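Below: the structure, in structure tokens.
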Amino acid sequence: MTQEELLVLIYKKDEKAFTHLYDMYSKSLFSVINVLVKNREEAEDVLQEVFVKIWKNIDSYHESKGRFYTWILNIARNSSIDKLRSKNFNNSQQNLSSDNFVHLLEDSSRLINKVDTIGIQEFVKRLKPKCIQIIDLLFFKGYTQQETAEELEIPLGTVKTHNRNCINDLRNYLKV
């Protein structure tokens, strides 16, 4: 089933489409979520929430504004950041034992390889060092633009401009 066929079925709320949607995108979305959340169980919960949001909000997707994958990736990223900012999540993270931290570190190193299998890391490596820093903070570590500006000690407007230019550079690499 092509992405276009899938979208038609999702718009019609065809139940089989949900299964196809999950099969097509769950692994790559889970990798992104888990890199940000750094807790497998929480990442699985966020993944479920993401697919419900995609299903319920499909009418807000417009092909003219960007690719479908980019749209669902943003939902996954934003949901992960919301989870990280939630009080319950922060409180549960304070109670983790040291054994869990070793496990999280091991999982994290394996996930970097999984994220790389979708090819994004290779394209990011081609960018200027400043772009690599900004994209790493904004997209792989889940920083806001304000937090990125503070981390890099540069004005917020500069972060926004660099981000826009870096994403455009990345788009150009992906077109080749």
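The values are calculated or read from the model by the stated rules, or taken from the named source; none is laboratory data. Because the structure is a prediction, the values reported are computed rather than measured. Methodologically, a virtual Cβ is constructed for each residue, glycine included, from the backbone with ideal geometry; neighbour enumeration extends over all protein chains shown. Accessible surface areas use protein heavy atoms only, side chains included; no ligands, DNA or RNA. Shrake-Rupley method; radii C 1.70, N 1.55, O 1.52, S 1.80 Å.
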Taking the Cα-to-Cβ direction at Leu9 and at Thr158 and moving 7 Å from each Cα, how far apart do the two end points lie in nm? 5.0 nm
Derived scalar couplings ³J(HN,Hα) [region 62-74; Karplus, 6.51 cos²θ - 1.76 cosθ + 1.60; whole Hz; x for Gly, Pro]: 10, 4, 5, 8, x, 6, 4, 4, 4, 4, 6, 5, 5
Given R₀ = 25 Å, what would the calculated FRET efficiency be for His62 paired with Asn165, taking r from the Cβ atoms and rounding to 0.05? 0.55
Could you give the length gained on full extension between His20 and Lys128, defined as 0.36 nm per residue of separation minus the Cα-Cα distance, in nm? 35.1 nm
Considering the options Val35, Tyr61, Tyr22, tell which one lies farthest towards the positive end of the dipole of region 12-86, charges being +1 on Lys and Arg and -1 on Asp and Glu at the Cβ, about the Cα centre. Tyr61
Solvent accessible area, Å² - Trp55, 1.4 Å probe, full protein context: 50 Å²
Considering only protein heavy atoms, with the full assembly of protein chains and a 1.4 angstrom probe, order Glu150, Glu122 by accessible area, largest first. Glu150, Glu122
For region 14-83, what is the convex hull (Cα atoms) projected area averaged across all directions, in square nanometres? 4.6 nm²
